[in-house]
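S.K.: Have a look at this one before I ask anything.
The values are calculated or read from the model by the stated rules, or taken from the named source; none is laboratory data. Because the structure is a prediction, the values reported are computed rather than measured. All Cβ positions, glycine included, derive from the backbone under ideal geometry; neighbour counts span all protein chains shown.
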Amino acid sequence: MPALRQPTTQGAQSSKRSRPDGDALAEDGERHAPQARRSYQGSATVNGGTDKLALENRNGGAESTKGPNATTVGSDLAQLSETGEISAADYDPSMDADQGKRDQPQNILGISGPSNADGTLKSTNANGAGEDDEWEEVEVDDEDDIDDMFAISDEAPKKKTIRRRKATASNTTSKPSGMAAQVASNMKHDHDDAEGYYRVILGERIGDGGRYLVFANLGKGMFSSVVRAKDSERGDREVAIKIVRSQETMYKAGLKEIAILNKLRNMDPEDKRHLVRLEGQFTYRGHLCMVFESLSMNLREVVKRFGKDIGLNIRAVRAYAHQLFLALALLSKAEIMHADVKPDNILVNTSKTHVKLCDLGSASDVSEGEITPYLVSRFYRAPEIILGLPYDCSLDTWSVGCTLYELFTGKILFPGRSNNHMLLLMQELRGKFTTKMIRKSKFSEQHFDDTNAFLSFEKDKTTGQDTIRRVVISKPAEDLRARLLPSHLAKRMRDTELKMTQNFIDFLNRTLELDPAKRISAKDALSHPFLSQ
C-alpha cells in the first residue's frame, strides 16, 4: 500500500507515515509505565463495524525509534526547537503545568468533609474540615513559590504551613509482609515525605485486612501518587490505587473526585462511555485511597512507541476520537467539566482497542466554574480560560481537539511558554479574537491594548531583556489544511484516505473554534462525518 508522507509544517522536514490496514484504538490510564511490546493486532468495534487494527511507525514496524531530527525536551525546562515544535513523545506532561494552577483546587473544588461509602459527602463542622483533631499543622517547602514551571531559580524555597490528616489507629488498617515489614519497622511512623506523599513500600499490604498487595510504583502527580496492586479478594486481579497526599486540600479534592466518579458510574452502568471506573475507596495511614481498574498505558506512551514524531495513522485517530467524544457526551449530560483532558489522562487497554478518560481530580460541576487563568494543563487550555471568560463543557472539546492533532502528527499543537504565548500561537493558526470576546474578557488588559492589538511578551534575542511587541493580526499565518494536507500530499492519496483526512481537518476546525459558543458540542461531534462515516 502507498506510504503516507507526513505533511510539512513550517520550518520542519516532512516524514513518511505508513498506512496500516485498519483502525487502531487505545484506552486511558494513570501514567502507567509502558510494557514491552513489539507488535500487536486485535479487533475493535467502531460505529458498529469490526476492523483489524495495527499501529505502525513510518518504517512499518510497531516500535518507534528516535531519529536524528527528533525534537527533545530538556530536563531543566521545555524549550521550543528552532522550528517552534515540541515532540509529543518526548514531552514531559508536568512541564506545561503552571505553578499558579496549584493555588486553585480549594477554589475550583468547592467541597468539604468526609464521604459516605457511596461517595456522597457527609456533613461536617463549620470549617468544612471534619473534626479538628483529625488534622495537624506541619511546615513544608512552598510549591507555589515560582511564577511558572519554566522558571529556574537558585534561591532556597520558601516554607509554608499546611494542614494534613493525622495517621491514627483507625485509618492504619494493615501491615507490610515479609522483607517489607522489616523495612517498615525501621521507618517507625515516618510514612510520608515532606510534601505529604505516602512513602510506598513494594510488598506492602494496604486496605481493609491487607486486601491489596502493592507491587509497582506508577508515578505521581500534583494531588497523589499511583501504585499497581493485586486484589486478594478478586483472585489477585490487578488494580491501580491512587493514594492522595495527606494534606487537607488534597483530601477534600479526593472526596470531590470520588463523588463525581460515582455519579458518572451510576449514569453509565454498562461501562460503555469510556470513563475510568472507580472500584472502591479506603483510608490508609491518613491517606484517602481510590481503587481503579488497571489499564495498560496512556496515549502519550502510545504515541511515543508507535508514532514518535510522525503520529498515528488516521484510522487509529478516528477510533480514539469516537470513544473520547462518547466520554465527553456523558460528562456534558452530567454537566461536569473534566478540565484536564490530555494524552496523559487517556488510558488504553492491553490490546489498544479501547480508551478511557481518567484523572478527574480537576473535574467540577459547570455551575462551579470560577474564573481562573490556570485551569487545564497549559498546552491544552482553551482560550476562554486564558482570557477570563465564562466557561463550560466546551473547554474539554478544545482539549480533545489539541490531543487529536497531537496523535495524528506527533507534535504539540500549541506549545506556549506562557498564557500570553499561547494566545499568540492560537491567533497565528486560528485568526484573531473578536472584539466582543476581548471586551468581555476579565484579563484582556494583560494581553491587548486599547485598539485590540495583541501585546506579545518576549525576550530580546540580543540583550535578553523582557520586551513587549505589538502584534496586529489580520488573518492566520497558516491553517490546519496547510499543515495536515498540503497539495503535493493530497495528489498522492487514495480517494477514501483523502476524504477521511478532509473530514478530519474539518472536524478539528470545529473543535478548535476560538469562540466557545461556536465550538462543536460533544453530541454533534458524534454525528460529524469524520466519526459517523
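S.K.: Considering only strands (runs of 3 or more DSSP E) fully contained in segment 279-380, which possess at least 1 residues that are of a type in the set (S, T, N, Q), on the phi > 0 side of the Ramachandran plot and at pLDDT below 95?
M.R.: none
S.K.: Another question, then. Output the number of the condition that Leu480 fails; it satisfies all remaining conditions of (1) over 30 Å from Gln446 (Cβ atoms); (2) of a type outside the set (D, E, K, R); (3) crowded, with 18+ Cβ neighbours inside 10 Å; (4) modelled with pLDDT of 95 or more.
M.R.: Every condition holds for Leu480 apart from (1).
S.K.: For segment 506-524, name all the residues that are of a type outside the set (Ser, Thr, Tyr) and either surrounded by fewer than 19 Cβ atoms within 10 Å (Cβ to Cβ) or over 25 Å from the mean Cα position of the chain (by Cα) (or both). Explain how you work it out, then say what you get.
M.R.: Initially, segment 506-524 is screened for residues of a type outside the set (Ser, Thr, Tyr), giving 506-510, 512-520, 522-524.
Result: Asp506, Asn509, Arg510, Glu513, Asp515, Ala517, Lys518, Lys523, Asp524.
S.K.: Let me ask something else. Quick check on segment 212-244: of everything there that is part of a loop (DSSP other than H, G, I, E, B) and at pLDDT below 95, which residue is surrounded by the fewest Cβ atoms within 10 Å (Cβ to Cβ)?
M.R.: Filtering segment 212-244 for residues that are part of a loop (DSSP other than H, G, I, E, B) and at pLDDT below 95, the one surrounded by the fewest Cβ atoms within 10 Å (Cβ to Cβ) comes out as Met222.
S.K.: Now, a different point. Using the structure shown, decide if Lys263 is among the basic types (Lys, Arg), more than 20 Å from the chain's Cα centre (by Cα) and crowded, with 23+ Cβ neighbours inside 10 Å.
M.R.: Taking the combined requirement at face value, the residue does not satisfy it.
S.K.: In segment 381-415, what residues are part of a loop (DSSP other than H, G, I, E, B), touching a Phe, Trp or Tyr at 6+ places or on another chain (Cβ under 7 Å) and more than 14 Å from Arg519 (Cβ to Cβ)?
M.R.: Gly388, Ile412, Leu413, Phe414, Pro415
S.K.: Please verify whether Gly254 is under 15 Å from Cys358 (Cα atoms) and either surrounded by fewer than 22 Cβ atoms within 10 Å (Cβ to Cβ) or in contact with a Phe, Trp or Tyr (Cβ under 9 Å, 6 or more places away or on another chain) (or both), treating the condition exactly as stated.
M.R.: yes
S.K.: Here is a list: Arg470, Arg439, Arg492. Which entry is of a type outside the set (Ser, Thr, Tyr), part of a helix (DSSP H, G or I) and either out of contact with any Gly (no Cβ under 8 Å at 6 or more places or on another chain) or crowded, with 18+ Cβ neighbours inside 10 Å (or both)? Let's see the steps before the verdict.
M.R.: Numbers: Arg470 fails: part of a helix (DSSP H, G or I); Arg492 fails: part of a helix (DSSP H, G or I).
Result: Arg439 is the single residue among Arg470, Arg439, Arg492 that is of a type outside the set (Ser, Thr, Tyr), part of a helix (DSSP H, G or I) and either out of contact with any Gly (no Cβ under 8 Å at 6 or more places or on another chain) or crowded, with 18+ Cβ neighbours inside 10 Å (or both).
S.K.: Looking at (1) touching a residue at least 24 places away in the same chain (Cβ under 8 Å); (2) closer than 13 Å to Glu384 by Cα, which one does Tyr405 not meet, given that it meets all the others?
M.R.: Single failed check for Tyr405: (2).
S.K.: If you go through segment 495-533, how many residues are touching a residue at least 60 places away in the same chain (Cβ under 8 Å), touching a Pro at 6+ places or on another chain (Cβ under 6 Å) and assigned to a helix (DSSP H, G or I)?
M.R.: 0
S.K.: Something else: Quick one: in segment 402-432, of everything that is in contact with a strand residue (DSSP E or B) (Cβ under 8 Å, 6 or more places away or on another chain) and within 20 Å of Val472 (Cβ to Cβ), which residue is surrounded by the most Cβ atoms within 10 Å (Cβ to Cβ)?
M.R.: My answer is Leu423.
S.K.: I'd like to know if segment 194-210 contains one or more residues that are among the β-branched types (Val, Ile, Thr), outside any loop (DSSP other than H, G, I, E, B) and at pLDDT 95 or above.
M.R.: yes
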